[in-house]
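Novice: I have a structure I would like to understand better, so I am pasting it below and will then ask my questions one at a time.
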Amino acid sequence: MDREASNYMAHAPADHLHPQRSSVAQHAMRLAALRKELPRLQRLGSGLHHGLISAAAAVLAYLPAQALGLKQSFWAAITAIAVVQTEFRATQSTARDQFVGAAVGGVIGLGALLALGDGLPAYATALVLAMVICWVINIASASRLAGVTTTIIVLVPRVESPERMFAARILEVAWGVCVAVLLVWLAARLPPRMAQRAGGDGHVRGP
């Protein structure tokens, strides 16, 4: 591992205290380094593939949410873009983080808002609590999104009731997650099937 990666690991908060998370982070950095060494044309193709799936997921997430009357349906599109990854398992993990983070942050933010009001002490308390809960349930990677969702619920000026705002955020995030996971799943499976039908290659198998 190069010096920059070593310095990152030395200063990564909390992760350096946990060997398993440290190992995962090392593998992720090595994978990122390998991707940088790919030929430019191959990186262009991968970027185009990722961009097309992200655009399709964003549009498909946005339009139905807007048609259902959700006033901030762009959150569904943002969620879909955040969830789409180049590998299906990575997409599943990101989808879990997005949904759990939104759910935890939404519940804690709503509870703090109803119980303590929308002052900064209530916001700070809710923010810490949302992140702690994500760590306690062993999904620490969702803690940042939980904090973001708490911030939206407590601090963003509201044109509707907090309960309705919370319900809308959960629906938008859930829909964006579902669309992204489905599209990445299809993108990972349709090409092998098409190749098998076109070429009859016995080594290409569907799921």
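The values are calculated or read from the model by the stated rules, or taken from the named source; none is laboratory data. Note that this is a predicted model, so its numbers are computed, not measured. Please note: Cβ atoms are built from the backbone with ideal geometry, for glycine as well, and neighbour counts cover all protein chains shown.
Novice: So the check is Cβ under 6 Å with 6+ separation or different chains; which pairs have a first residue in region 82-95 that's aromatic (Phe, Trp, Tyr) and a second one that's surrounded by 15 or more Cβ atoms within 10 Å (Cβ to Cβ)?
Specialist: 88/184; 88/188
Novice: Now a separate question. Go through the residues of region 117-134 one by one and say whether even a single one is under 30 Å from residue 69 (Cβ atoms), modelled with pLDDT of 90 or more, among the hydroxyl-bearing types (Ser, Thr, Tyr) and buried (at least 16 other Cβ atoms within 10 Å of the Cβ).
Specialist: yes
Novice: What residue, of 81, 108, is over 15 Å from residue 140 (Cα atoms), surrounded by fewer than 20 Cβ atoms within 10 Å (Cβ to Cβ) and in contact with a helix residue (DSSP H, G or I) (Cβ under 8 Å, 6 or more places away or on another chain)?
Specialist: Only one candidate passes the filter, namely 81.
Novice: Being over 30 Å from residue 120 (Cα atoms) and not charged (D, E, K, R) narrows it down to one of 148, 179, so name that one.
Specialist: 179
Novice: Out of the residues in region 146-175 meeting the condition of being in a helix (DSSP H, G or I) and hydroxyl-bearing (Ser, Thr, Tyr), tell me which one is surrounded by the most Cβ atoms within 10 Å (Cβ to Cβ).
Specialist: Only one residue fits best here, namely 150.
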